[in-house]
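What follows is a single structure, written as structure tokens, with notes after it.
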Amino acid sequence: GENVEQHPSTLSVQEGDSAVIKCTYSDSASNYFPWYKQELGKRPQLIIDIRSNVGEKKDQRIAVTLNKTAKHFSLHITETQPEDSAVYFCAASKLWSMRFGAGTRLTVKP
Amino acid sequence: DTGVSQNPRHKITKRGQNVTFRCDPISEHNRLYWYRQTLGQGPEFLTYFQNEAQLEKSRLLSDRFSAERPKGSFSTLEIQRTEQGDSAMYLCASSTRTDPLYFGPGTRLTVT
């Protein structure tokens with residue numbers, strides 16, 4: 001089955017800096033890659049997603065890039081703010097099957 | 001219908017007891033998932049329903065776990081003879097073929 005690895009497990013940045021979280025997946029048939037943000041005690045919420053026919057997608061301060069050949073994708077957050085502090089999960093999906101990475105705890109220091 | 005709902009939100013049970021959780025997906029969503037999440041980990045896949053059919057079940061799921069979605073709407077997850085290792089957040093999510101997964105608030109299970 002699909003295996004998703006996520007790095008780093010923790011990331012601390014200064015407010016205003018950029019943050020990058022990287023994921024790799026094992027199943028070359030995976031074709032959909034969402035990113036979820038989970039604040040303490042709350043449900044995971046989708047922040048951005050990308051499909052395999054696209055190499056990059058941007059939504060304001062967040063962007064995701066996908067390298068299908070290398071089977072890795074990354075989340076980029078620019079101009080980080082304290083409210084970006086949360087746990088971020090990547091996932092890889094084919095058909096209905098979605099598997100998640102272990103998460104990255106992002107801390108943005110004011 | 002504002003989103004996925006789950007009940008109860010918290011459940012404390014003694015080891016060996018049976019527990020049942022309920023998930024009500026977004027009404028037009030035919031896909032329903034159960035995940036388990038422990039502290040510091042990502043959601044771990046348990047099982048998947050498309051309408052009323054259970055199409056995939058994690059091989060890590062012991063036979064103490066069973067899930068149903070009898071009419072293709074709400075779903076229940078039952079854990080029999082609970083063990084302390086079952087303590088976790090149980091998340092339900094729903095989607096359509098083209099929509100992303102939307103998660104419910106979860107049921108936090110504590111086995112004492």
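The values are calculated or read from the model by the stated rules, or taken from the named source; none is laboratory data. Bear in mind that the values here come from a model prediction, so they are computed numbers and not experimental data. Every residue, glycine among them, receives a Cβ derived from its backbone with ideal geometry; neighbour counts consider all protein chains shown. These accessible areas exclude ligands, DNA and RNA; they are computed on the full protein's heavy atoms, side chains included. Shrake-Rupley method; radii C 1.70, N 1.55, O 1.52, S 1.80 Å.
Per residue of A:91-99, what is the mean number of Cβ atoms on other protein chains within 10 angstrom of that residue's Cβ? Write down the numbers at each step before the final one.
Working: counts 4, 0, 3, 0, 5, 10, 5, 10, 5.
Counting other chains' Cβ atoms within 10 Å and averaging over A:91-99 gives 5.
Packing-wise, with mean Cβ within 10 Å as the measure, how do A:68-75, B:58-65 rank, highest first?
Top of the packing list down: A:68-75, B:58-65.
Give, as a single signed number, the net charge of other residues whose beta carbon lies under 15 Å from the beta carbon of residue B:36, with Lys and Arg counted +1 and Asp and Glu -1.
Details: positive: A:43, A:99, B:11, B:57, B:59, B:64, B:108; negative: B:44, B:56, B:78, B:83, B:86.
Here the count lands on +2.
Nearest 20 debye, what's the magnitude of the dipole of chain B about its Cα centre given +1 on Lys and Arg Cβ and -1 on Asp and Glu Cβ? Walk me through the intermediate numbers first.
Numbers: 15 positive and 12 negative charges, 74 e Å.
Dipole magnitude for chain B comes out near 360 debye.
Which FRET efficiency, nearest 0.05, do residue B:97 and residue B:39 yield, Cβ-Cβ r, R0 35 Å?
Working: r = 32 Å, r/R0 = 0.93.
Given R0 = 35 Å and the Cβ-Cβ separation, E is 0.60.
Convert each backbone phi in the stretch A:97-104 into a coupling constant with the Karplus relation 6.51 cos²θ - 1.76 cosθ + 1.60 (shift: θ = phi - 60°), then list the ³J(HN,Hα) values in order as whole Hz, x for Gly and Pro.
7, 10, 10, 10, x, 7, x, 10
In Å, the Kirkwood hydrodynamic radius of the stretch B:10-112 over pairs of distinct alpha carbons?
Values: mean 1/r = 0.0727 Å⁻¹.
The Cα-based Kirkwood calculation yields 13.7 Å.
Rounded to whole Å and sorted largest first, list the principal axis extents of the Cα atoms in chain A.
41, 27, 19 Å, listed from the longest principal axis down.
Go through A:94/B:14; A:42/A:94; A:57/A:109; A:94/B:71 and tell me which ones have a Cα-Cα distance over 30 Å in this structure.
On the way: A:94/B:14 38 Å; A:42/A:94 26 Å; A:57/A:109 26 Å; A:94/B:71 25 Å.
Cα-Cα > 30 Å for A:94/B:14; rest within.
Calculate the length of the line joining the C-alpha centroid of the stretch B:6-29 to that of the stretch A:1-60, in whole Å.
If you average the Cα positions of each part, the centres end up 28 Å apart.
Run the quick spin-label model on residue A:109 and residue A:14: label points 7 Å from Cα toward the beta carbon, then report their separation in nm to one decimal.
0.9
Taking all protein chains together and a probe of 1.4 Å, list B:29, B:10, A:76, A:7 from the most accessible to the least accessible.
Values: B:29 10, B:10 130, A:76 60, A:7 105 Å².
Largest accessible area first, the list is B:10, A:7, A:76, B:29.
For chain A, which longest stretch is free of loop sites, where a loop site is one of the GluC sites (Glu not before Pro) that DSSP puts outside H, G, I, E and B and that has at most 15 other Cβ atoms within 10 Å?
Values: sites that count: A:15, A:39, A:79.
For GluC sites (Glu not before Pro) (loop position, at most 15 other Cβ atoms within 10 Å), the longest site-free span of chain A is A:40-78.
How large is ³J(HN,Hα), in whole Hz, for each residue of the stretch A:88-94 in order, when computed from phi with the Karplus curve 6.51 cos²θ - 1.76 cosθ + 1.60 and θ = phi - 60°, using x for Gly and Pro?
Whole-Hz 3J(HN,Hα) from phi for the stretch A:88-94: 10, 10, 9, 8, 10, 9, 9.
How far apart, in nm, are two points set 7 Å out from the Cα along the Cα-to-Cβ line at residue B:87 and at residue A:40?
1.9
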